[in-house]
Structures are given as structure tokens and as C-alpha cells.
Amino acid sequence: MTSVAESLVPPAEDPVLIRIEDLRRDFTVGSRTVSALAGVSLDIRRGQTVAVVGESGSGKTTLGNQILGIDRPTSGRILFEGREITATRDTDMRRRIQVVQQSPYTTLNPKRNLRQILELPIAIHSDRSRRQRRDRVAELLEIVGVSADFMERYPYTLSGGQRQRVALARALAPEPDVIVLDEPTSSLDVSVQARILQLLVELQAQYQLTYLFITHDLSVVRNIADEVVVLYRGYVVERGATAELFSNPLHRYNAMLLSSIPVVSEPEEALKPSWEWDGSVVGVEPSVGAACPFLPRCPHAVALCEQGVPPLVAETPTHQHACRNPRSSESAHRE
Amino acid sequence: MNADPILTVEDLHLRIRQFEGEAHILNGVSLHLGAGERVALVGESGCGKSSTALIAMGLMNGGNMSIDGRVTLEGTDLLGLGERGWRNVRGRQISMVFQDPGAALNPVFTVGDQLVTAIRRGDPGTSRAEAHERAAEALRHVHIVDAERVLASYPFQLSGGLNQRILITMALVNRPRVVVADEPGSALDVTVQEQTLRLMKALTDEVGAAVLLITHNLGVVRTFAQRVYVMYSGTIVEEAETARLFEAPRHPYTQALLAAVPRLTGEGLPQPIPGQVPDYTDPPVGCRFQPRCPHARAACGNPPFAEPEPGHRVRCVLDFSG
């Protein structure tokens, strides 16, 4: 258990900022209990970008909500700099963890102008005067690349990319340590997405930010994440240093995710693992918890897969997976 | 290579009168689809790709719009077609797969009701019972095992991937000649998108339908289409066989769009395209990409759609390759 909780991408000098221990969140749906998180352990080190990837329903947003304190776990603990923040957190603690959500069309209040939107977190988390708050709003807008002249504008006058910059400015306003980025670019065009990704990288360097980057699209995090955590139905099925996880996917689900990415060049195509798509995956029932959660969709399942949920095992010091028939051995023999 | 185009769009212009002035949304769009051919129309939000699709489906009309140009389906002029005429064309000879399967299916009718209606529309002689049988068969054909349960369900009771399959089935059930697919699967998970595209490919192949795929995703273009049109600000800026376009994109916009795609190979951050999409009420004169183009120069003007190599056409005065 403790070995699992240790962060994979070391530099030992980076202290652990957030430690998540065996976090579980159950939801009751009718008479059924669904575990959105089925015991997730994770360390996030200061200044790093940890990507959490998975399909809809994998629990990635639930994990983000736990870290934000929007939702409470059924069991497990969340520690921030060693302090437990699972159940309660004070204003300062809330200040230190901020969020940027997916759709900038629904997360900015349409009845407030940009100044009002950005002033609120400043007013809550600092004792700046009205004038100082206004100056800070102008400064924040400049930081994210929106003209301060837009201060009195309303969100509907902005493009999607500009709105997402404002959402980012709002997250930066209380000077946080951590920003949970929940699909921050998935509603944007690629050319705009590229700009937001660049901005995120610049801001991280400038303000020593720690990111939890939630996405369903692995390709987006290839170039910005230090570590990638793959979730499937509430379980961590693979995690590792980004380059390793992409070049050598071990869990079958990670292989499937990678092979589904539509790529634009031959070298990328060569990186994608092969996957048999022709099997029927429609109408699969969630597995009951006595077996590997991916079993109903996995064409590589063996008898062993039905014997309990596979634990995370380390393939290398920086790469873990929870697959009983991992891809490695076979891929080594390929060609 | 495609002797007789089945769908032809010629010099299409769309103008919309707005408070801000007249927006010139489509600025002379021409494209064609060969029988059974898979063609992509790729571009970013607001470039006019969906407007082009909606006009081809006869779904774009309004008092504040004017549409000029020619759209023909197997020789039939579609722009001159009235509502009555469209009833025999839409859903039978040309059909559409919409982006958001949750929004495209009617929430107050069961999937069965909607499929049966589509089937009987295409073949009015069919009884309800026969149509129901055909609907169930069609669903089993797209690997939906419990077809009867799905037919009795309302769209909101089913997953997005399942709804997408139903939409595709519905679009193809009358064996149309052309399917217009607007971002199929892009509202869904990548794994579901992959399966959606595979299914589209298999079914349209089987029926012999040509596909006009509207997408913003170059990766999707590469896996799905045989030929590509790249659109920017209401203009087709490049046309090529898919393999050729990815091998040697010629237009600076195509090159910039490719550079903006995040790569799995991890060679650094994707590159943004500087500047903004132009204002349609006051677009730049001549090449509309010029204000954002790293290669722009005085000689740019209004470039023709030249064909520097057979089958590869580009609207740029500079001769680019690679």
C-alpha cells in the first residue's frame, strides 16, 4: 500500500504537496452502489503536472472534485503538505487549490462582467481595497493575454479561447498552489488549444504551479504532463512517467486508449499499439468487483483475470500497472 | 479517378444579413464527391464547413440569408428544390449524421418509433411490423445485441455511443447515395469515436454511399477520408488525396493547422496559429488567411485555386511543398 502511494516521478527534492490515500467514493444508484473511485492512491509533487486520463465514467472528475473539496470521499484520506484536508478545510486551504473547468461557455456567469468575475476571488482571499482589486484584475487579464480594456465586457462578447483565459485568470486570482484543470481545452479548436497549453506551461514555470490535468485525450498531455495516471471505472490501472507510459503501455486498457487516438503522421501511427476493435463492446455490464474491472471489454483476458481486482505492480521504478496479462512480453516479440 | 461526381457544389456563396452588417459566410465554395467516395471537409469553428453541409441537406434557410451557387445530386438541382421535392431526397438519397447524438434524436419518442418512421419514409409500402423487424435487424447488424430493448428505449436511457450507432443506422437504413456526417463521434470518448468511424466506414462501404465528413480533427481525416478539402473562413484553400495532404501540405493554413495538433511522439508543445479568424462582415480583401500568414507578402492578392500537381490544388500564390 505505501509503496503504491509513493510518487513515481521522483526528483526527491520535490516535496509531496498532495497525498491521496486509498480514496473511495461510492454513489448509490437505485439499489446499486457504484464506486466512482475504488481506492485511489496518488502523490502529487510540487511543481509537477499529473495527468488523469480515462473515458467518461472513469472517475476522473470525481477525483478532481475530491481534491477541490467540492465532494467528500466515502473513505480514504487527502493530505496537503502532510495536513489532513479530507473533511474540513479553512478559507486559506480553499484558496490554495483552484479549478478551471471544461466549458468556458457555462462556467463564467453571463450576468457579470470580467471585472466582477475576477474581483470576487480577490475580495474573498485578500484584503485589497477596491482600487487595488481593480489593478489586480487588470494585471491578471494581462497575465493570461487578454487586454485589460476588456474589463467591463461580458463573457458573451468573448471567443471560446478568450473565455478560457478568463477562467484561468479567475483560478490564478487567489494565488493558488494547485490548479485542477478539468478538460481545459477539449471544447476549443486545435489552434486555440495549442495557445492555451503554451500559456499553461508558461504560468506553471512563472508561479511554480502544480497541475492536476484531467482529460480523456491522451495526446493532449503527452507534451505537458510529468506523470500520467490512467483510471478505469474508479481504479488506477496504470501510471507512470509520461514518455514511458506512451512508449510502453502495459495495461490493455491503456493500449486501447492509445490505439484509439486519431494521429496525423506515420511516426505516431507506429507508436500506437495494435488493438482488435471488431469485438462487440456494446451492452457490457460493469464488472462486479471480484475481477479485473476491464475484463468485460478485454480481448486478452486469461483465467487469472477473474480472481480479484489486480493490484498495481511496478514494472520499473517509474511505471506501474494493474494487469495480469500485460502487453509487455508480447510487444517485445512483435516484429 | 472519380468519373461521375454524385454530389457537386459549385461556387456556393452564403450571405447573412446581421445587425453588424452583411456577413459573407461562404465565399465561393466548390467541391464534389464521387460515387462511394469518402471525402473530408476540415476546418476550425466558424470556417463554414457546417453551413456547407446544411445547405447541401436543404436545412439552411431563413429570411435574412441569401444562397447563391449550384448544388446538384446526381444531376438534380438541390437549391431549387421546394419542401415537397426535398421529402423525396432527404433521408432517401442524401442523409445526415449529426454531431451530438443526444440532441439529434427526439427525446419524446422511443428509438424504435424513430427508426420505424425513417424506414417507412424511405419505403412507404412497409407495414409497421415489417419496419420494426427491419429496424431490429439493422441494429443487430451494428453489433447491438439486445436490439429489442434498445428499440423500446428512449434516447436518454442509452449511452452516447449507442445513440451514435442508432443515428448512423438511421442515416443508412434507406441506402442513400450520399451521407453527410457532421463531426460524428467527436462529442464522445476517443474509444467510442474510433468505433463510430469504423462503423461508418463499414456501413457506407456496404451500401455504396459516398460520405462527406465534416470535421475539425485532422487525425480523423487521416484515418477516414480518401480525399480532403481544407476550409478557412468560407473558402476552400486546399484539396488533395489524404495521403498527399499529410505528406506535403501546400497551403500555409494547412501547415499551421497540422503544427497545432498535439503529437504522440512528444516533440514539444503544439504550435498555435497567431491572430484571429477574420470578421465575416469585414473580411480581408483577397486571401483571407493573409493577416495570419507567416509567408504573407505584397504579391498575395486574390490567388486562384491552382493545381501545381495533378489532384492537388491550393489557393496560394506561393508555391509550397513539404
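The values are calculated or read from the model by the stated rules, or taken from the named source; none is laboratory data. Bear in mind the structure is a predicted one, so any value in this text is a computation, not a measurement. Here the Cβ is made from the backbone with ideal geometry for all residues, glycine too, and neighbour counts use every protein chain on show.
Checking each residue in the range A:204-217 for being under 20 Å from B:Thr191 (Cα atoms) and more than 8 Å from chain B (Cβ to nearest Cβ) picks out A:Phe213, A:Ile214, A:Thr215. The residues listed here are A:Arg222, A:Arg195; of these, the one that is within 12 Å of chain B (Cβ to nearest Cβ), buried (at least 18 other Cβ atoms within 10 Å of the Cβ), in contact with a Phe, Trp or Tyr (Cβ under 7 Å, 6 or more places away or on another chain) and charged (D, E, K, R) is A:Arg222. Go through the residues of the range B:271-285 one by one and say whether even a single one is polar (S, T, N, Q), closer than 17 Å to A:Ser159 by Cβ, modelled with pLDDT under 95 and out of contact with any strand residue (DSSP E or B) (no Cβ under 9 Å at 6 or more places or on another chain). The answer is yes; a qualifying residue exists. Taken together, the residues in the range A:74-98 that are buried (at least 16 other Cβ atoms within 10 Å of the Cβ) and in a loop (DSSP other than H, G, I, E, B) amount to 3.
So that you can scan it fast, the table gives a plain yes or no per residue for (1) in contact with a Ser or Thr (Cβ under 9 Å, 6 or more places away or on another chain); (2) crowded, with 18+ Cβ neighbours inside 10 Å:
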residue: A:Glu142; (1), (2): no, no
residue: A:Val166; (1), (2): no, yes
residue: A:Ala169; (1), (2): no, yes
residue: A:Leu172; (1), (2): no, yes
residue: A:Thr185; (1), (2): yes, yes
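Among the candidates B:Cys287, B:Cys300, B:Cys316, the residue that is free of Cβ contacts under 8 Å to residues at least 40 places away in the same chain, touching a Lys or Arg at 6+ places or on another chain (Cβ under 8 Å) and closer than 25 Å to A:Asp189 by Cβ is uniquely B:Cys287.
For the range B:256-289, the set of residues classified as under 22 Å from the mean Cα position of the chain (by Cα) and basic (Lys, Arg) consists of B:Arg288 only. The set of residues from the range A:229-254 being under 15 Å from the mean Cα position of the chain (by Cα) and within 12 Å of chain B (Cβ to nearest Cβ) comprises A:Tyr232, A:Ala241, A:Thr242. The set of residues from the range B:110-168 being away from chain A (no Cβ under 12 Å) and of a type in the set (Ser, Thr, Tyr) comprises B:Thr110, B:Thr117, B:Thr126, B:Ser127, B:Tyr154. Annotation for the range A:255-262: at least one member residue is more than 9 Å from chain B (Cβ to nearest Cβ) and at pLDDT 90 or above.
Restricting the search to helices (runs of 4 or more DSSP H) fully inside the range B:170-255 and requiring at least 1 residues that are facing another protein chain (nearest Cβ under 10 Å), more than 14 Å from the chain's Cα centre (by Cα) and closer than 24 Å to B:Cys287 by Cα gives B:242-247.
No other residue among B:Pro262, B:Pro278 is in contact with a Lys or Arg (Cβ under 7 Å, 6 or more places away or on another chain), away from chain A (no Cβ under 12 Å) and either buried (at least 16 other Cβ atoms within 10 Å of the Cβ) or outside any loop (DSSP other than H, G, I, E, B) (or both) apart from B:Pro278.
Please work out if B:Arg292 is away from chain A (no Cβ under 14 Å), modelled with pLDDT of 90 or more and either buried (at least 19 other Cβ atoms within 10 Å of the Cβ) or within 25 Å of the chain's Cα centre (by Cα) (or both).
In short, no.
Contact annotation: residue pairs with Cβ atoms under 7 Å, 6 or more positions apart or on different chains, pairing a residue in the range B:216-243 that is in contact (Cβ under 8 Å) with a residue 60 or more places away in the chain with a partner that is hydroxyl-bearing (Ser, Thr, Tyr) and assigned to a strand (DSSP E or B), are B:Val221/B:Thr215; B:Ile236/B:Ser30; B:Ile236/B:Tyr229; B:Glu239/B:Tyr229. B:Arg165 falls short on exactly one of the conditions (1) of a type in the set (D, E, K, R); (2) surrounded by fewer than 23 Cβ atoms within 10 Å (Cβ to Cβ); (3) closer than 24 Å to A:Leu258 by Cβ; (4) touching a residue at least 12 places away in the same chain (Cβ under 8 Å), and that condition is (2). Residues that are in contact with a helix residue (DSSP H, G or I) (Cβ under 9 Å, 6 or more places away or on another chain), among the aliphatic types (A, V, I, L, M) and at pLDDT 90 or above within the range A:286-335 comprise A:Leu312, A:Ala314, listed in sequence order.
How many residues does the range B:174-187 contain that are surrounded by 23 or more Cβ atoms within 10 Å (Cβ to Cβ) and free of Cβ contacts under 8 Å to residues at least 60 places away in the same chain? The qualifying residues number 1.
How many residues are under 16 Å from the mean Cα position of the chain (by Cα) and either of a type in the set (A, V, I, L, M) or within 9 Å of another protein chain (Cβ to nearest Cβ) (or both) if we restrict to the range A:172-184? Adding up the residues that qualify gives 4. So which residues in the range A:23-63 are touching a strand residue (DSSP E or B) at 6+ places or on another chain (Cβ under 6 Å), surrounded by fewer than 17 Cβ atoms within 10 Å (Cβ to Cβ) and part of a strand (DSSP E or B), if there are any at all? Result: A:Arg24, A:Asp26, A:Phe27, A:Thr33, A:Val34. Annotation note: of B:Thr235, B:Thr215, B:Thr204, B:Thr242, the sole residue that is touching a strand residue (DSSP E or B) at 6+ places or on another chain (Cβ under 6 Å) and farther than 29 Å from B:His143 by Cβ is B:Thr235. Remark: B:Arg90 falls outside the filter, which requires a residue to be basic (Lys, Arg), touching a residue at least 40 places away in the same chain (Cβ under 8 Å) and surrounded by 17 or more Cβ atoms within 10 Å (Cβ to Cβ).
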